[in-house]
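Visitor: One structure is given below, represented as structure tokens, and several questions about it will come after.
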Amino acid sequence: MKKIIIALLCVLSSYAVIAAEWVNGEIVRIDTARNRIMMKHEYIPSIKMHAMTMPFGISSGLNVESYKPGDKVRFQFKIVDGTLDITTLEKLK
């Protein structure tokens, strides 16, 4: 699985894509020490990424203290240096 994610991120790093759409997901794990969120997300049309569980970076300035594993959320992201970083995060009701 790691090889698939690494290959996918290599492909994505060659694109200057900023995804403005909202993506639904569920938080699996938050690792503030590594500045990452493991997210189970739906299909992302803008980058043609299938639904999966994968790590996302946390953009600077994004406060994740009020979130916990199991929270249903929607988020926006951008591609930074080959990684997908969450820029906006909201809990779903």
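Visitor: So which of 4, 30 ends up being of a type in the set (A, V, I, L, M) and modelled with pLDDT of 95 or more?
Guide: 30
Conditions (1) open to solvent by 70 Å² or more (accessible area, probe 1.4 Å); (2) in a loop (DSSP other than H, G, I, E, B), marked per residue:
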{"position": "20", "(1), (2)": "yes, no"}
{"position": "24", "(1), (2)": "no, no"}
{"position": "28", "(1), (2)": "no, no"}
{"position": "34", "(1), (2)": "yes, yes"}
{"position": "38", "(1), (2)": "no, no"}
{"position": "57", "(1), (2)": "no, no"}
{"position": "62", "(1), (2)": "no, yes"}
{"position": "67", "(1), (2)": "no, yes"}
{"position": "73", "(1), (2)": "no, no"}
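Visitor: Would you mention how many residues in region 75-84 are open to solvent by 20 Å² or more (accessible area, probe 1.4 Å) and at pLDDT 95 or above?
Guide: Residues in region 75-84 being open to solvent by 20 Å² or more (accessible area, probe 1.4 Å) and at pLDDT 95 or above: 1 in total.
The values are calculated or read from the model by the stated rules, or taken from the named source; none is laboratory data. Remember, it's a predicted structure, so these values are computed and weren't measured experimentally. For accessibility, only protein heavy atoms count, side chains too; no ligands or nucleic acids. Shrake-Rupley method; radii C 1.70, N 1.55, O 1.52, S 1.80 Å.
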